[in-house]
Structures are given as C-alpha cells and as structure tokens.
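Visitor: Can you read through this structure? Questions will come right after.
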Amino acid sequence: MVGEREAEEAPSAPGSPSATSEASATVLLQCNGTHKSKTGEKLSVYSKICFAVGGFPNQVASSASAFFLQIYLLDIAQISPFETSLVMSIGKTWGGITDPVVGYLINKGKWTRIGRLMPWMIGCTPFMIVSYFFLWFVPPFVTGRVFWYLAFFSLYQALTTCFHVPYSTLTMFLSTDQKERDSATAYRMTMEVLGTLIGAALQGQIVASAHTSDHCILNNMTWNMTENGTDLHREPNDSGFLQSPAFQAHAKAVYMMAAGIIGGMYLVCTAVFFIGVREKEDPYAKRPGKVISFFRGFRLSMTNRPYLSLTASFLFISAAVQLEQSNFVLFCTHAGGLQDHFQNLVLTILISAVLSIPFWQWFLQRFGKKMAAFGISWMIPFAVMLVTIPSLTVAYVVAVTSGVSIAASLLLPWSMLPDVVDNFRLENPQAKGLEPIFYSSYVFFTRMSAGIALGISTLCLEFSGYRSGACKQSEGVIVTLKLLIGAVPAAMIVIGLLILVFYPITEERRKETERALRMMRSRTRRLTLIG
C-alpha cells in the first residue's frame with residue numbers, strides 16, 4: 001500500500017523504467033478511458049430500461065398495499081382498528097429493522113459470478129410472491145386472525161427489504177458517471193411510478209365492486225324495517241350495518257385475484273432485470289483502504305451532515321405521503337361521499353405522477369435537486385381544499401396536484417442519495433464498502449416513521465369509534481379521516497421541507513465532488529495499469 005502511494009505521489013526520472021511504464025500506462029488509460037466513456041460508463045437505454053423494470057413489481061405491490069391494505073383489513077378481513085394498527089405498525093417497523101440487517105449482510109458478502117447484490121434480489125423473489133399472496137387471503141378461522149396478517153405482512157416487509165436494499169444500492173454500481181446514475185434513477189422512478197399507477201389502478205378496478213354503496217343502502221333499509229327505534233350508534237356489532245355473506249365471499253375472491261396477478265408480475269419482471277443488468281465494480285473500491293465494519297460505518301454515516309439532513313427531511317415527507325395513500329380510499333368511502341369514484345381518483349393521482357416525472361427530472365437538472373424538493377408542497381393547499389369542499393370536481397383537481405407532488409417525493413431522495421454517498425467518499429477516502437449502509441439506513445428510518453405514522457392514524461380511527469365492516473361511520477370517524485388526509489400530512493410536509501433547508505449539497509458542491517472523484521478514479525486506474 002505504501003509503495004502504491006509513493007508510486008502515485010513521487011515523480012519518476014525521465015527515461016527511467018518506471019517513467020516509461022507510467023507513460024505507457026497513461027496512453028493506455030487515455031485509450032481505455034475514451035472507450036469506457038463511450039461503452040463502459042455510458043449506459044445503454046436497454047440497460048436502463050431493464051434496471052427500471054426490476055423495481056416495477058415491487059412498486060405495483062407496494063401501491064396496492066398502500067392504498068388498499070388498511071381498508072381490506074378493516075372491512076374485508078374485519079379485524080378491529082386496534083388490530084389493524086398492530087399489523088400496519090409492527091409490519092412496517094419489522095421491515096425497517098431488517099433494513100440495516102440486510103445492509104450489514106451485504107456489507108460482509110463476497111463478490112459472486114453475478115455480482116454482490118444480484119443474488120439477494122433473485123433469491124428472495126419466490127418467497128416474496130408467496131407471502132404477498134397470503135397477505136390478501138382471509139383464513140377460515142376468526143380468533144387469532146390478526147396473527148395471520150401480522151405474520152405475513154411482517155414476512156413480506158422483510159422480503160421486500162431483501163430486494164429493495166440491494167436494488168437501490170445497485171445504482172452506485174451501474175456507472176461511475178453521476179449523470180448516467182441520475183438518468184438511470186429517472187428511468188427507475190418513471191417505471192416505479194408507472195408501477196404505482198398500475199398497482200393502484202389494477203387493484204382499484206378489480207376490487208372496486210367490494211366497496212360500492214349499493215349493498216350498504218340495501219342493508220340499511222333492511223335494518224330499519226326489522227329494528228325500528230334502535231339507536232344506530234350504540235351497537236358496534238350490529239348486523240344491519242355489515243355486508244351479507246355472499247357479498248363478503250365476492251369481496252374476498254376479487255382481492256385474491258388481484259394478488260395472484262401481481263404475483264405473476266414479480267416473476268416476469270425479475271427475469272427481465274436479471275437478463276438485462278450487469279453489476280459493475282467501481283474503480284474507487286480498488287483504492288488502498290480497508291472495508292470498515294458495518295457498525296463503525298453506521299456511526300460514520302450518522303455523523304454525516306448531508307445524510308442526516310436528507311434522511312430527517314424525508315422521514316417526515318415519506319410518512320406524510322404514506323398517510324395520504326393509506327387513508328385516501330377510507331376518506332372517499334366514509335367521509336367524502338366518493339366511494340363510487342375512488343378507483344378513478346387513485347388512477348388520476350398516479351397518471352399525474354407518471355406524467356410529471358420527466359418534468360421533475362428536467363427541473364432538478366436546471367434548478368438543482370434541493371430546489372425541486374419544494375415542489376412536494378404543492379399538495380398542501382389542495383388537500384386542505386378536499387376536506388373542506390369534498391366535491392367530485394375538487395377531488396379530481398386534488399388528485400392531479402397530489403400526483404405531481406408524489407412524483408417529486410419519489411424521485412428526489414433516490415436522486416440525492418448518490419450525491420450524499422459521493423460526498424462521503426470524498427471526505428473519507430479510506431472508508432470503503434459503505435454504500436449498502438447508507439441505503440439500508442435511509443430505508444430503515446423512512447419505514448420506521450411510516451410504520452409509526454400508520455399505527456397512530458389507525459389508532460385514531462379506533463378511538464373515534466370506527467366499526468369494521470360497517471357501511472356508515474360516525475361523525476367522529478369522518479372528522480378524524482379529514483384530519484388524517486388534510487392537516488396532519490400538511491404539517492409533516494412543512495416540517496420536512498424546513499429541515500431540507502439545511503441540506504448542504506448545492507449544485508456547485510456536487511459538481512466539485514464529481515470532478516474530485518473522477519481524478520481519484522483516474523489515479524486508481526493508472527496505478528492498476530502500472531502494477
């Protein structure tokens with residue numbers, strides 16, 4: 001190692017063997033460097049598309065879960081709001097806990113014939129499909145049903161971690177060119193938002209018949225004819241407000257059908273991803289230095305100011321988006337009088353998100369990533385408008401603006417994380433192998449915050465008197481849903497954006513870091529050729 005540093009730093013005498021070899025190496029470097037810039041560093045459109053396809057099914061399933069799992073557990077599986085809060089919060093928290101564990105195992109892993117990250121993604125896919133399917137299956141027993149969903153949701157969250165941490169980290173090993181990584185990230189985000197669109201649209205169209213208002217009107221009329229004079233709000237398990245057994249069977253069947261279709265997408269997309277993507281070693285990783293331990297690396301990442309600012313900001317922003325998604329269908333069904341339109345509103349949100357991804361990619365390149373993050377705030381006034389004026393026209397306007405903001409919230413953190421990692425590399429040149437730690441820790445904190453937020457929101461429904469399977473809810477539930485859709489996410493987004501003000505990586509600093517790392521990589525290649 002010392003010899004390599006001396007060879008790098010000490011000038012060679014003209015005409016000496018070392019000078020000759022270094023000159024030859026420089027010529028080779030120039031030729032190979034030119035070739036790499038055209039074929040190695042420059043990613044083909046085919047590779048970018050295959051990389052993006054890899055994240056597609058995960059987003060399809062996550063979108064379906066984000067919009068429909070809560071109402072499924074409450075109204076189809078008919079577990080209580082308290083039990084639902086346990087499933088949502090513990091499952092999300094468990095998924096968050098597995099993030100640093102997976103990051104640790106990847107950090108300790110060896111390079112294989114297909115890479116260091118690829119085996120994780122290929123190996124966990126079959127198990128992920130099985131766990132996802134049984135998450136949407138209603139078991140024949142009633143007592144202890146909550147443990148069924150807790151087990152499969154926790155398992156599914158852990159398996160998605162085993163896929164998502166290496167998949168997101170793979171961005172650093174597609175190319176060393178920041179523009180190429182940003183471009184691949186834009187492809188990925190476009191495909192993931194498209195997956196979010198298709199997941200919510202597919203799930204919404206298939207299960208829409210399980211949440212129509214027709215059966216509720218019939219049940220209410222039947223109840224009034226047989227139980228005149230009874231106070232509607234004093235009988236929490238009153239059968240007059242529950243769906244019929246035939247309707248319940250239909251609802252269970254359509255949810256399982258949607259789960260089976262989404263499971264099939266995992267197989268197809270993972271095969272395309274495996275065939276079309278090659279994991280590459282970064283020349284930076286060949287620099288002299290020691291791969292430090294996971295725990296020391298975690299401590300170092302927790303003292304990195306750009307990383308802390310980014311993580312703390314999107315901790316609040318991601319939780320706000322999760323609250324919007326999880327409670328939107330409930331709000332449309334029970335508080336907004338839009339139960340016959342929710343699937344089209346969800347579709348509008350996600351079409352808007354897909355179409356706005358190219359705009360945000362252009363915006364962040366033109367005005368900087370930090371400035372683009374403030375586009376997330378667009379959803380705040382319109383969300384407040386929806387809860388104060390719950391009309392169909394306003395709902396569609398809110399859907400469009402929310403989609404634009406959600407696209408920004410999805411694209412920006414994954415576009416900014418590589419900049420944070422590069423900044424850390426420059427400040428800590430002897431620390432290697434920390435990429436999985438940064439990515440897994442980020443996902444850990446955002447999942448933890450989302451799990452806590454979802455658990456608290458469902459507990460709020462419990463305290464306000466939500467009745468599982470009921471066709472109509474009390475006024476307290478309606479007010480709670482309005483707060484969970486409007487005021488609470490708005491406050492969290494504002495807090496997140498205020499934290500982001502202190503994010504220190506500007507466009508100028510990002511470009512300086514890129515130039516410095518390019519020089520370090522060039523020296524590393526030169527030393528490799530000399531050796």
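The values are calculated or read from the model by the stated rules, or taken from the named source; none is laboratory data. Just so it is clear, the model here is predicted, and its values are computed rather than measured. As a convention, Cβ positions derive from the backbone with ideal geometry for all residues, glycine included, and neighbour counts pool all protein chains shown. All accessible areas refer to the heavy atoms of the entire protein, side chains included, with ligands and DNA or RNA removed. Shrake-Rupley method; radii C 1.70, N 1.55, O 1.52, S 1.80 Å.
Visitor: Using θ = phi - 60° and the Karplus relation 6.51 cos²θ - 1.76 cosθ + 1.60, list the HN-Hα couplings for the stretch 159-176 in order, rounded to whole Hz, with x at every Gly or Pro.
Guide: Karplus-based 3J(HN,Hα) across the stretch 159-176 equals 6, 5, 5, 4, 8, 6, 4, x, 5, 5, 5, 4, 3, 6, 10, 8, 7, 8 Hz.
Visitor: Still on this structure, please answer the following. Could you work out how far apart the two model spin labels at I452 and L498 are, taking each label as a point 7 Å from the Cα in the direction of the beta carbon, and quote it in nm?
Guide: In this crude spin-label approximation the distance works out to 1.7 nm.
Visitor: Here is a follow-up. What does the accessible area of I456 come to, in Å² to the nearest 10, when a probe of 1.4 Å is used?
Guide: 90
Visitor: Separation between the Q365 and F133 pseudo-spin-labels, each 7 Å from Cα along Cα→Cβ, expressed in nm?
Guide: 4.2
Visitor: Working with all protein chains in place, sort M385, M265, M379 by solvent-accessible area computed with a 1.4 Å probe, largest first.
Guide: M385, M265, M379
Visitor: OK, next. Rounded, prolate or oblate: which fits the stretch 374-531 when a ≥ b ≥ c are the square roots of the eigenvalues of the alpha-carbon gyration tensor, with rounded for a/c under 1.5 and prolate only if a/b beats b/c?
Guide: prolate
Visitor: For the stretch 106-208, state which chymotrypsin sites (Phe, Trp or Tyr not before Pro) are in a DSSP loop and have at most 15 other beta carbons lying within 10 Å of their beta carbon. Please list the in-between numbers first.
Guide: On the way: sites: W111, W120, F127, Y132, F133, F134, W136, F137, F141, F147, W148, Y149, F152, F153, Y156, F163, Y167, F173, Y187; in loops: W111, W136, F137, F141.
Within the stretch 106-208, the qualifying chymotrypsin sites (Phe, Trp or Tyr not before Pro) (loop, at most 15 other Cβ atoms within 10 Å) are W111, F137, F141.
Visitor: Another question, then. Could you give each residue of the stretch 389-396 its phi-based ³J(HN,Hα) in whole Hz, using Karplus coefficients 6.51, -1.76, 1.60 with θ = phi - 60°, and x for Gly or Pro?
Guide: 10, x, 9, 5, 4, 4, 4, 6
Visitor: Using protein chains only and a probe of 1.4 angstrom, how many square angstrom of K482 are accessible, to the nearest 10?
Guide: 60
Visitor: Additional query: Note the full-extension length gain between L355 and R305 as 0.36 nm times their separation in residues minus their Cα-Cα distance, in nm to one decimal.
Guide: 14.7 nm
Visitor: How about the stretch 437-512: which chymotrypsin sites (Phe, Trp or Tyr not before Pro) there lie in a loop by DSSP and see at most 16 other Cβ atoms within 10 Å?
Guide: F502
Visitor: Moving to a separate point now. Below 15 angstrom from the Cβ of R145, what's the summed charge of the other residues (Lys, Arg +1; Asp, Glu -1)?
Guide: -1
Visitor: For the stretch 107-122 and the stretch 387-432, what is the separation of their Cα centres, given in Å?
Guide: Comparing the Cα centres of the stretch 107-122 and the stretch 387-432, I get a distance of 28 Å.
Visitor: Note down the net charge around G455, summing +1 for each Lys or Arg and -1 for each Asp or Glu among other residues with Cβ under 13 Å from its Cβ.
Guide: Net charge around G455: 0.
Visitor: Kindly give Rg over Rh for the stretch 71-219, based on alpha-carbon atoms, with the Kirkwood expression for the hydrodynamic radius.
Guide: Using only Cα positions, Rg/Rh for the stretch 71-219 is 1.06.
Visitor: Right, here's the next one. Accessible area per residue, 1.4 Å probe, Å², for the stretch 397-531: what's the number? Don't skip to the answer; put the middle values down first.
Guide: Details: 4650 Å² over 135 residues.
Ligands and nucleic acids excluded, the result is 34 Å² per residue.
Visitor: Send over the Kirkwood Rh of the stretch 146-197, from the inverse of the averaged 1/r over different Cα pairs, rounded to one decimal Å. Don't skip to the end; give the middle numbers.
Guide: Values: mean 1/r = 0.0775 Å⁻¹.
Over the stretch 146-197, the inverse of the mean reciprocal pair distance is 12.9 Å.
Visitor: What full-extension length gain, to one decimal in nm, is calculated for I275 and S209 as 0.36 nm per residue of separation minus the Cα-Cα distance?
Guide: Additional length available on full extension: 19.9 nm.
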